[in-house]
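So the structure is just underneath, and the comments pick up after that.
The values are calculated or read from the model by the stated rules, or taken from the named source; none is laboratory data. What you are looking at is a predicted structure, and each value in this text was computed from that prediction instead of being measured. We place every Cβ from the backbone using ideal geometry, glycine too, and count neighbours over all the protein chains shown. In case anyone asks, the SASA skips ligands and DNA or RNA and just uses the protein heavy atoms, side chains included. Shrake-Rupley method; radii C 1.70, N 1.55, O 1.52, S 1.80 Å.
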Amino acid sequence: MSLGFQIPTKVPFAKKQVVGLRDFSLGLNNKISPLLLDAKELQDIQNFNYDEKGSLKKRKGYVHRYAAIFDTSPARDMYNYRRQDGTSRMVLAASTKLYNDKPQFTKEYTTQADWEETGVQTSEVSTVYTVGDITLQPKGMLGWLLLGTFGALLGGDSAVTRTGTWIGGTIDISAVTDQTTGTMTVTQTVPASTTIVVETRASTDGSSWGAWTALGAGSTIVSAAQDYLQVRVTMTSTSYNTHPSVQSILIKYDTTSTVSTLATALSSLARYTMATQNDIVYITNGVNVMSKWDGTTYTATSPGSPPTAKYVMVHKNIMFLTGNATNASRLYYSTLGDPESWPALNFIDVGKGDGDQTTGLAILLDRLVITKNNSVWILEGDSSSTFVLRRISDEAGCVDQHTIVTVRNTLGMLARDGFYFFDGVRMALASEKILGTFDTLNKSQFGLASAVHYPSIRKVFVSVPGAGLTYNDTTLVFDTLRAAWTIYKGINAACWVVWRQFNTDHLLFGDATTGQVHEAETGYNDDSAAISAYAVTKALDFGGVEIAKFVSEALVSAKETSGTGDATINVSFFKDLGSETASKAATYTGPDVDVRRVTPSEVQAGQVRSLAVKVQESSTNRSVTIYGIAVEYQAQLGLRQTV
């Protein structure tokens, strides 16, 4: 009897083939089936970033800023208050209190204007020979011979040595908390036959000065701990065509961070926004009256009877407020240049009666942007007589000002249904590919969300609460260079700030579970805890999900990049869109790229119709880069139809 097909005595296979994945730069896409993803997309990712040519690199960690928590309640908000005198202060909110960080004092000489500022004295030193540096005054051969000859005849210094000095202006360090903490970083070029000596001296009044003193061990400033400081640079050369130079001098004081209480008996729930005008920081939260701090004196009630509002922004030398509990769509504005003058008629209603309320303020291309839950508005002009208010978009709005970021002349903001970018004309949804993630978040608590743009690494961080949570435990990370998303876990960020310390930016976040601040993008652990990073590829169907295959090997090329020891990558699989298999460990020693082989059949993933590969690295104090994943397979021809 003929069955219409024949059963082979040996299952036939096609020739071995290899599918390679080496570029993951399109990022996470959990909106559609893993079978339908592009080869450059991932169906899941945690704590990996996209690096050169689309490789995957484990994210950096964080360290705590303060030796002990400053409050038993979570950090709620923080603000970097920068003053004209060079000090950089942190204002923090937690429980019912406001706190301030000890001032960080810096003084830097790095540009021609710095080297030539008021009070500078120079002798035989040039500030223009190499712009941005101070250089011992060059002399030609004739000048050198004349200098040598006449110097010898006059019986002066060595006929072959020339000297120049630069003395900086008076530096006021009276605001420094501990005047014994001074250090100096000098960037200099000292060729053979030349010397540079840097010294300081101190004064109590800026007039009577102590002796010049060389720097101490570790480039510490050992002059007397007094209110005024000067710097002297002495350069010498014994070669007519060789010139020492100094590129920069950076002076630091108060380098250890401590916290002091600024105010008490405030709202225990309200979030804060802050803005600086006239070198004073103004603080508002929508519940308590606006307060102010000038770095020395805290004033609980700012003069001029400003409206109580949630959000503040200074634009074109005018202070704007919105988010008033009674007038939920009203925008208030101060007198030009005076944030303590609030005329009664200085307000504009933004879509009054539309059933919505204002949720934030931002600046885009010299225009004030006002957000509501479901719309975005723009205010143009610079006075009551020239103000023009226009509604730009009702496609989406913003949940809160704390989620608004500026990225290359656009605004990013979190709405109820995703993260958008606004270019002044329209709103564009940027998070469509991570709809699967958004569907798991606790959107009812989006008022707690916070975002920041950190330009130096081209990333936007959006911290949000996960399912059922009332604090931010998930951070959505948007790579602005690749327009790709990844997900961070282990960073519970209630608030973010880019902190300017010693003329260098640092990314800080306030802890959503306790009164602590952490510095992100530092080291390879999360405050000593291991970082668990993983990525899951698309489901490979090897040309068609309907065809059975035998997968013989998976190859992972990677490199340990922290330089702290071996890294272990655990490789597991998802067979036919099913659950995850057991994992197999592969060790990478570095510093070179290694390729490790894993046999899927050892974890029951050899016979498949589709296969996704998961790589995971969870070691303490380790970093790893994944350069590629390859799968070797054979199509199983199976039963063959006969005529």
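Placing pseudo-labels 7 Å out from each Cα toward the beta carbon at residue 66 and residue 363 gives an inter-label distance of 3.0 nm.
Considering only 347, 370, 335, the residue lying farthest towards the positive end of the dipole of region 335-374 is 370, judged by Cα position with unit charges set on Cβ. About its Cα centre, the chain has a charge dipole of approximately 1740 debye under the convention of +1 per Lys or Arg Cβ and -1 per Asp or Glu Cβ, with nothing else charged.
In order along region 532-538, phi translates into HN-Hα couplings of 9, 10, 8, 8, 10, 6, 4 Hz, rounded to whole numbers, per the Karplus curve 6.51 cos²θ - 1.76 cosθ + 1.60 with θ = phi - 60° and x for Gly and Pro.
Annotation: peptides 612-620, 232-240, ranked by per-residue average of other Cβ atoms within 10 Å with the highest first, follow the order 612-620, 232-240. If you take all C-alpha pairs in region 384-428, what percent of them are over 12 Å apart? Tail of the P(r) past 12 Å holds 61 percent of the pairs.
Accessible area per residue was computed with a 1.4 Å probe on protein heavy atoms; residue 562 scores about 20 Å².
Pairs from the table (57/372; 292/372; 57/97; 57/102; 16/489; 352/443) lying more than 29 angstrom apart at Cα are 57/372; 57/97; 57/102; 16/489. A cut-off of 5 Å between modelled amide H atoms, ignoring neighbours fewer than 5 places along the same chain, links residue 590 with 560.
Looking at this model, which pairs from 60/559; 15/614; 53/549; 459/538; 53/433 are more than 27 angstrom apart at the alpha-carbon? From 60/559; 15/614; 53/549; 459/538; 53/433, over 27 Å: 53/549. In this view, the solvent-accessible surface of residue 52, computed with a 1.4 Å probe and all protein chains in place, comes to about 110 Å². With Cα atoms defining each centre, region 380-430 and region 503-537 are spaced 29 Å apart in the structure. A cut-off of 5 Å between modelled amide H atoms, ignoring neighbours fewer than 5 places along the same chain, links residue 407 with 412.
Across the options 48, 579, 494, the greatest Cα extent toward the positive end of the charge dipole of the chain (unit charges at beta carbon of Lys, Arg, Asp, Glu) belongs to 579. In whole percent, how big is the carbon plus sulfur part of the accessible area of the chain, probe 1.4 Å, protein atoms only? Carbon-and-sulfur percentage of accessible area, whole number: 50.
Based on protein heavy atoms only, the chain ends up with 43 Å² per residue of surface accessible to a 1.4 Å probe. These residues, 207, 55, go from largest to smallest accessible area, 1.4 Å probe, as 207, 55. Let me know the shape class of region 205-291, please: from the alpha-carbon gyration tensor, a ≥ b ≥ c as square roots of the eigenvalues, rounded when a/c is under 1.5, otherwise prolate if a/b is greater than b/c, or oblate. Because a/c hits 1.5 or more and a/b exceeds b/c, region 205-291 counts as prolate. Karplus-based coupling profile of region 545-554, in residue order and whole Hz: 5, 6, 9, 6, 9, 10, 9, 8, 8, 10, with θ = phi - 60° in 6.51 cos²θ - 1.76 cosθ + 1.60 and x standing for Gly or Pro. Residue-wise HN-Hα couplings along region 469-486, as the Karplus relation 6.51 cos²θ - 1.76 cosθ + 1.60 with θ = phi - 60° gives them from phi, are 9, 10, 8, 7, 10, 10, 10, 7, 10, 9, 7, 6, 6, 9, 6, 10, 9, 9 Hz; Gly and Pro carry x.
For residue 431, the amide hydrogen comes within under 5 Å of the amide hydrogens of 419, counting only partners 5 or more places away or on other chains and with H modelled in the peptide plane. In the chain, a dipole from Cβ-located charges (positive for Lys and Arg, negative for Asp and Glu) runs towards its positive end, and of 230, 186, 536 it is 536 whose Cα lies farthest in that direction. Adding -39500 (n - 2.57) for every DSSP H run of four residues or longer, then dividing by how many residues the chain holds, sets the calculated 222 nm ellipticity at -1000 deg cm²/dmol.
Ordered from largest to smallest accessible area (heavy atoms of protein chains, 1.4 Å probe), the residues 200, 189 come out as 189, 200. Mean separation of Cα pairs under 8 Å and 6 or more residues apart, divided by the residue count, gives the chain a relative contact order of 17 percent.
Shape of the chain from its Cα gyration tensor (a ≥ b ≥ c, root eigenvalues): rounded if a/c is under 1.5, otherwise prolate when a/b > b/c, or oblate? Oblate.
Accessible surface ranking for 16, 316, 372, 252, 1.4 angstrom probe, highest first: 16, 316, 252, 372. For residue 315, the accessible surface of its heavy atoms amounts to roughly 10 Å² (probe 1.4 Å, protein chains only, rounded to the nearest 10).
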